[in-house]
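Laboratory data are not the source of any read-out in this text; all were calculated from the coordinates shown. Keep in mind that what you see is a predicted model, and the values were worked out from it rather than measured. Reconstructed Cβ throughout: ideal geometry from the backbone, glycine too, with neighbour counts over all protein chains shown.
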Amino acid sequence: MADGAALAVSAWRRAVVFLEMIKVAHTLFALPFAIGAAFLAARGLPPAPVLGKIVLAVLCARTAAMAFNRLADRRFDAANPRTAARALPAGTLSVRFVAASVVLALVGFFLTAWWLNPLAFALAPAAAVVILGYSLAKRVTAYCHFFLGAALALAPLGAWVAVRGELALEPILLAAAVLLWSAGFDIIYSCLDADFDRAARLHSIPERFGIPAALRVAALLHFAMVGMLAAFAHMARLSGLFFVAVGLAAALLAYEHWIVRPGDLARVNRAFFATNAVISTLVMAALIAEATRS
């Protein structure tokens, strides 16, 4: 009995460490766009089973991507003082456990795509390449941030395909906005590791061009994101309500860039998580309101 209780406690602790390792709270970046796109594709409340499968697919895809990222970067994480306490370099989780988690999450992603519809399943292998590819992109190109952007952009595209079984221009424009937005905030976050990346021969825009220039690039990407959201709203024939949400998102992005300065990166985490989680939730709420108004 005591042995069983100890095993249960150990399993629970391992689960908590794993969820912290993959930053499960950061699901608030992609999932709201998937849910919002699903409502818009359905022009109302999507069927509950479909919505549940969309959520499951996003969770599986993100789990696979983040666990693979931690697996691929474990030696760099061990050498970087900022990340040395992460689960793999610290030995809190084993390589075998994390590798098995990647495989299980990918299996879950493919099964969910198959469960949704034929097009979702046909596109799943390409989606898997994109979501795993970001972890390796930093080794070969300073523009790796756009790989992350593409991975997050799959959320609204996949949700649209899940509901309608086809693609259209509206979700492509929304996905482009997500790509620009997430590439921009990833550049901001990468400023924390610019010196380490240079020493480790890893690539990023802050490492290549310096932090002041990188922050200007991030600002330009976020400006373009606002324009893309406006283009999406026009194409999807959304009301003034959505444009108000776009305006609020623009104000939040301006705040994000105001609190992060080249000589003061202390508030990068606030800009990276809190502000962007509010932006994605705000856009989701506006999309749901647009889809259900009538």
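Evaluate the following for ARG237: is it among the basic types (Lys, Arg), surrounded by fewer than 22 Cβ atoms within 10 Å (Cβ to Cβ), without any contact (Cβ under 8 Å) to a residue 60 or more places away in the chain and under 29 Å from ALA142 (Cα atoms)?
It is false that ARG237 is among the basic types (Lys, Arg), surrounded by fewer than 22 Cβ atoms within 10 Å (Cβ to Cβ), without any contact (Cβ under 8 Å) to a residue 60 or more places away in the chain and under 29 Å from ALA142 (Cα atoms).
Anything in segment 273-294 that is outside any loop (DSSP other than H, G, I, E, B) and either surrounded by 20 or more Cβ atoms within 10 Å (Cβ to Cβ) or among the hydroxyl-bearing types (Ser, Thr, Tyr) (or both)? List them, or say none.
THR275, ASN276, ILE279, SER280, THR281, VAL283, MET284, ALA286, LEU287, GLU290, ALA291, THR292
Please work out which one of (1) among the basic types (Lys, Arg); (2) over 26 Å from VAL17 (Cβ atoms); (3) crowded, with 19+ Cβ neighbours inside 10 Å is the condition LYS138 fails and give its number.
The failed condition is (2).
Conditions first: (1) closer than 26 Å to GLY210 by Cβ; (2) crowded, with 18+ Cβ neighbours inside 10 Å; (3) acidic (Asp, Glu). ASP264 passes all but one, so which condition is the exception?
In the conditions (1) closer than 26 Å to GLY210 by Cβ; (2) crowded, with 18+ Cβ neighbours inside 10 Å; (3) acidic (Asp, Glu), ASP264 misses (2) alone.
Being out of contact with any Phe, Trp or Tyr (no Cβ under 9 Å at 6 or more places or on another chain) and of a type in the set (S, T, N, Q) is the filter here; which residues of segment 225-282 pass it?
If the condition is that a residue be out of contact with any Phe, Trp or Tyr (no Cβ under 9 Å at 6 or more places or on another chain) and of a type in the set (S, T, N, Q), then SER239, THR281 are the ones that fit.
Which one of LEU119, LEU104 is over 20 Å from GLU20 (Cβ atoms) and either among the hydrophobic types (A, V, I, L, M, F, W, C) or part of a loop (DSSP other than H, G, I, E, B) (or both)?
That would be LEU119, the only listed residue that is over 20 Å from GLU20 (Cβ atoms) and either among the hydrophobic types (A, V, I, L, M, F, W, C) or part of a loop (DSSP other than H, G, I, E, B) (or both).
Confirm whether THR63 is farther than 23 Å from ALA153 by Cβ, in contact with a helix residue (DSSP H, G or I) (Cβ under 6 Å, 6 or more places away or on another chain) and hydroxyl-bearing (Ser, Thr, Tyr).
Answer is no for this residue.
From the list ALA126, ALA153, exactly one residue is within 19 Å of VAL55 (Cβ to Cβ) and either of a type in the set (S, T, N, Q) or assigned to a helix (DSSP H, G or I) (or both). Which is it?
ALA153
Tell me which residues, restricted to segment 156-178, are of a type in the set (A, V, I, L, M, F, W, C), assigned to a helix (DSSP H, G or I) and farther than 14 Å from ILE279 by Cβ.
Of everything in segment 156-178, those that are of a type in the set (A, V, I, L, M, F, W, C), assigned to a helix (DSSP H, G or I) and farther than 14 Å from ILE279 by Cβ turn out to be LEU157, ALA159, TRP160, VAL161, ALA162, VAL163, LEU169, ILE172, LEU173, ALA175, ALA176.
Could you give every pair whose Cβ atoms fall below 9 Å, whose first residue belongs to segment 17-42 and is touching a residue at least 24 places away in the same chain (Cβ under 8 Å), and whose second residue is surrounded by fewer than 21 Cβ atoms within 10 Å (Cβ to Cβ) and polar (S, T, N, Q), counting only separations of at least 6 or pairs across chains?
VAL17/THR92; MET21/THR92; LEU28/THR281; PRO32/THR281; PHE39/THR292
Spot the failing condition for TYR143; the list is (1) under 29 Å from ILE205 (Cβ atoms); (2) of a type in the set (Phe, Trp, Tyr); (3) in a helix (DSSP H, G or I), and only one is missed.
(3)
Can you give me the number of residues within segment 42-59 that are assigned to a loop (DSSP other than H, G, I, E, B) and crowded, with 17+ Cβ neighbours inside 10 Å? Let's see the steps before the verdict.
Kept after step one, since they are assigned to a loop (DSSP other than H, G, I, E, B), are these residues of segment 42-59: 43-47.
Okay, now just the ones that are also crowded, with 17+ Cβ neighbours inside 10 Å, so 46.
Number satisfying all stated conditions: 1.
Among what's in segment 98-114 and is crowded, with 16+ Cβ neighbours inside 10 Å and of a type in the set (Phe, Trp, Tyr), pick the residue that is nearest to ALA15 (Cα to Cα).
Among those that are crowded, with 16+ Cβ neighbours inside 10 Å and of a type in the set (Phe, Trp, Tyr), it is PHE109.
Taking segment 204-224 as the region of interest, how many residues are in contact (Cβ under 8 Å) with a residue 24 or more places away in the chain and buried (at least 20 other Cβ atoms within 10 Å of the Cβ)?
Residues meeting the conditions: 9.
Select the helices (runs of 4 or more DSSP H) contained entirely in segment 187-268, then report the ones holding at least 1 residues which are among the basic types (Lys, Arg) and closer than 30 Å to ALA78 by Cβ. First the steps, then the outcome.
Working: elements: 194-200, 205-209, 211-235, 240-259.
Those helices (runs of 4 or more DSSP H) span 194-200, 205-209.
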